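A short worksheet on the structure shown next.
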Amino acid sequence: MTQVVITGTGLFTPEHAVDNDALVAAFNAWVEAENARRAEAGVEERLDYSSSDFIVKASGILNRYVLDAEGILDPERMRPRLPRRSNDELSIQGEMGVAAAGEALEAAGVAAADIDLVIVACSNLERPYPAVSVELQAALGAGGYAFDMNVACSSATFAIETAANAIRVGNASRALVVSPEICSAHLNFRDRDSHFIFGDACTAIVLESDELATAESGFEILGTRLVTRFSNAIRNNAGFLDRVTDSDPQAPDKLFIQEGRRVFKEVCPLVAALITDHLASLELADDDLARLWLHQANRHMNDLIARRVLGHDPGPGQAPIILDRYANTSSAGSIIAFHLHRQDLAPGAVGVVCSFGAGYSAGSVVVRRQRGHGVIEQRHGQGGSR
Ligand SMILES: CC(=O)SCCNC(=O)CCNC(=O)[C@H](O)C(C)(C)COP(=O)(O)OP(=O)(O)OC[C@H]1O[C@@H](n2cnc3c(N)ncnc32)[C@H](O)[C@@H]1OP(=O)(O)O
């Protein structure tokens, strides 16, 4: 069976950084104005203020990067301002994708023309068609075929499995998985419970059949495992039927909404069981795991999942946190952690990239650092989705 190797990753980080204090100042200025409006209109109910202390304590988030800070921090607007682009211009997600893909291709030592599958996988696509991936394929000069897919926060791991299988069956020899997440556009910055949760970023991953890979030390995919379980606890009702259902396009449910506590309670055990069962199916023990690159939604969730999987608190750097800087970047989060925190791993070290999110959906990708190019250990050398 063809072995599939991750040979390069890339990351696009928007220039605008917004820390909690700036976000909270904008939110509280809006609350003050809104409460004054309510008082004037004789409405009794008042809105509560937000606080940086709460955000850090509840989530571990200190900062987020966004495509446009000015629109978000304007209390009169509180949403990013992204100018409309003409059909002849590269789309916003296409531009993010070109930046992240360029870095990933360079790391892999692969020319764009040698890519024959491009998957754009993210929570929110900026239009239904033509597919952003097909536009990106053209912008990069990649060959083969391309398609978009959305499995919310698990989009990237589901796409890794899809790309790896395409390589295994011979439909592609090299694939690019790109996750351009513009979470600031689906976030209700006027909702106290969630206004701090998300940031924007784009990741890219190059996957190759091992016979073709030339990168010095790639990460061999030992197996992938995906799970979904329906839940309304995280939801966004925006959709193309809005126009014909005559529903209010400004209604709060047309943006991200969640029952945070429920998500915490229901998703942590699901994810811990997914990883543990996946490792067992690969004849790996929990303590074989040198690293957990977990989805980055909430620091406490990650601590709990890592503890459940490992049976003890993770060692320093064993379950890296990037949400302190990036906040929740949906499907990009676990890939950012993988991108930034893998180079120190010794050859042969095993780790898991694990996403979880709306759906619910969760994906586990177990990888092992190669011992220099072309040398693959046979002990856990199974291919396929396991
Ligand atoms: C998986 C995904 O990627 S989906 C997207 C992200 N999802 C998640 O992160 C799900 C996991 N859940 C969580 O992380 C958490 O539930 C959070 C961070 C969303 C919220 O933290 P919680 O501790 O659950 O806060 P909760 O909503 O219960 O509120 C606790 C208190 O803080 C208050 N509070 C809520 N928001 C704020 C705020 N912005 N500032 C100050 N206080 C606040 C509430 O009013 C409440 O006060 P009370 O105890 O007096 O009633």
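All of the numbers you see were taken from the coordinates with simple rules; none came from a lab. Here the structure is a predicted model, which means the values were calculated and not measured. Cβ sites come from the backbone with ideal geometry, for glycine too, and all protein chains shown count toward neighbours.
Of note:
- For region 1-92, the Kirkwood hydrodynamic radius from C-alpha pairs, put into Stokes-Einstein at 4 °C and a viscosity of 1.567 mPa s, yields a diffusion coefficient of 78 µm² per second.
- Value at 222 nm in deg cm²/dmol, rounded to 500, when DSSP H runs of n ≥ 4 in the chain each add -39,500 (n - 2.57): -10000 deg cm²/dmol
- Exposure here means at most 15 other Cβ atoms within 10 Å; with chymotrypsin sites (Phe, Trp or Tyr not before Pro) in a DSSP loop as sites, the longest stretch of the chain lacking them is 50-229.
- As a length-normalised measure over Cα pairs under 8 Å and 6 or more apart, the relative contact order of region 287-338 settles at 48 percent.
- Think of each Lys and Arg Cβ as +1 and each Asp and Glu Cβ as -1; about the Cα centre, that makes the dipole of the chain roughly 780 debye.
- Taking Cα centre as origin and charging only the Cβ of basic (Lys, Arg, +1) and acidic (Asp, Glu, -1) residues, the dipole magnitude of region 144-246 rounds to 380 debye.
- From the C-alpha gyration tensor of region 202-356, square roots of 5λ in Å: 32, 20, 15
- Under-5 Å amide H pairs with ALA349, H placed in peptide plane, nonlocal only: ARG369
- Ordering THR9, THR203, THR245, THR157 by the number of other Cβ atoms within 10 Å of each residue's own Cβ, fewest first, gives THR245, THR9, THR157, THR203.
- Couplings 3J(HN,Hα) for region 61-66, derived from phi with the Karplus relation 6.51 cos²θ - 1.76 cosθ + 1.60 (θ = phi - 60°), are 7, 10, 7, 8, 9, 9 Hz, where x marks Gly and Pro.
- Considering only alpha-carbon pairs that sit under 8 angstrom and 6 or more positions apart, the relative contact order computed for the chain is 23 percent.
- Cα gyration tensor shape for region 134-186, rounded if a/c is under 1.5, else prolate or oblate: oblate
- Mean Kyte hydropathy of 0.0 or more with a Cα span along the axis of at least 20 Å, helices from DSSP in the chain: 92-108, 260-281
- Here the Karplus curve 6.51 cos²θ - 1.76 cosθ + 1.60, taken at θ = phi - 60°, turns the phi angles of region 345-352 into couplings of 6, 6, x, x, 5, 10, x, 10 Hz, with x standing for Gly and Pro.
- log₁₀ of I(q)/I(0) at q = 0.09, 0.15 Å⁻¹ - the chain, Debye sum with one point per alpha carbon: -0.51, -1.35
- Normalised contact order of region 250-367, rounded percent, pairs of Cα under 8 Å and 6 or more residues apart: 29 percent
- Taking every DSSP beta bridge that has both ends in the chain, the antiparallel portion is near 70%.
- q = 0.12 Å⁻¹, region 159-223: log10 I(q)/I(0) [Debye, one scatterer per Cα]: -0.48
- Placed amide H near ARG174: partners under 5 Å, 5+ positions off or other chain: ASP116, LEU117
- Normalised radius of gyration (Cα atoms, divided by 2.2 N^0.38 Å) for region 185-257: 1.75.
- Size of region 228-293 from its Cα atoms: along the principal axes, largest to smallest, the extents are 54, 23, 19 Å.
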